[in-house]
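Data block below; observations after.
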Amino acid sequence: MSEPTRLTQLIPTGYGNEDPAIAYAFRYVEEAKPPVSRSGQRFTVCHRDELKPGERRIVDDGKQGIGVFNVEGKFYAIKNVCPHAGAELCRGTIHATHKPSDVGEFAPAYHGRILRCPWHGWEFDVVSGKGLYDRNGRVATYVVEIDEAGNVVVVT
């Protein structure tokens, strides 16, 4: 028979400080690199002036839905399907999140680039697609370019 769990083992000492998987997720977000095109297919979403900072546009490229976001003047595209339960991820809220820190201490981060799923609240970084809830969670992201006419173009 195993030894009973002590109450002190059940009390968390912080929000993620001691969890290497959560620390990895935030490190991945901080080191985010642009996605690499998979198929090379391109489609125009809109003119860059039509999508102001903080706004999004959800489009269909003929195969799937993609959300295109303007984060502080830079454009990012992310698949419109939450890997958890299939919700239309890009209809969720955009906000900041808090980095892991000590109890009672709050470390706001990534203002305007965290997408929260409208169904269950799972959070994803729009820039990298990385889920902030574990080591491996993520959603597909796509290359976004601005063409010579100033159009926002997604390359899948």
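The values are calculated or read from the model by the stated rules, or taken from the named source; none is laboratory data. Just so it is clear, the structure is predicted and the values come from calculations on it, not from any experiment. For neighbour counting, all protein chains shown are included, and Cβ atoms are generated from backbone atoms with ideal geometry for every residue, glycine included.
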Subject >> Selected residue (criterion: surrounded by the fewest Cβ atoms within 10 Å (Cβ to Cβ)) from residues of segment 19-35 that are over 24 Å from I66 (Cβ atoms) and at pLDDT below 70 >> reply: A21
Original post:
So how many residues does segment 57-87 have that are crowded, with 17+ Cβ neighbours inside 10 Å and either among the small types (G, A, S) or over 19 Å from I146 (Cβ atoms) (or both)?
Top reply: 8
Subject >> Hits in segment 36-52 (condition: surrounded by 12 or more Cβ atoms within 10 Å (Cβ to Cβ) and not hydroxyl-bearing (S, T, Y)) >> reply: Q41, R42, F43, V45, C46, H47, R48, E50, L51
Original post:
Could you count how many residues in segment 103-130 are assigned to a strand (DSSP E or B) and of a type in the set (F, W, Y)?
Top reply: 2
Original post:
Can you name the residue in segment 65-92 that is on the phi > 0 side of the Ramachandran plot and of a type in the set (G, A, S) and is also modelled with the highest pLDDT among such residues?
Top reply: G73
**OP:** Being crowded, with 18+ Cβ neighbours inside 10 Å, at pLDDT 90 or above, touching a helix residue (DSSP H, G or I) at 6+ places or on another chain (Cβ under 7 Å) and over 20 Å from K74 (Cβ atoms) is the filter here, so list the residues in segment 93-123 that pass it.
**Re:** C117
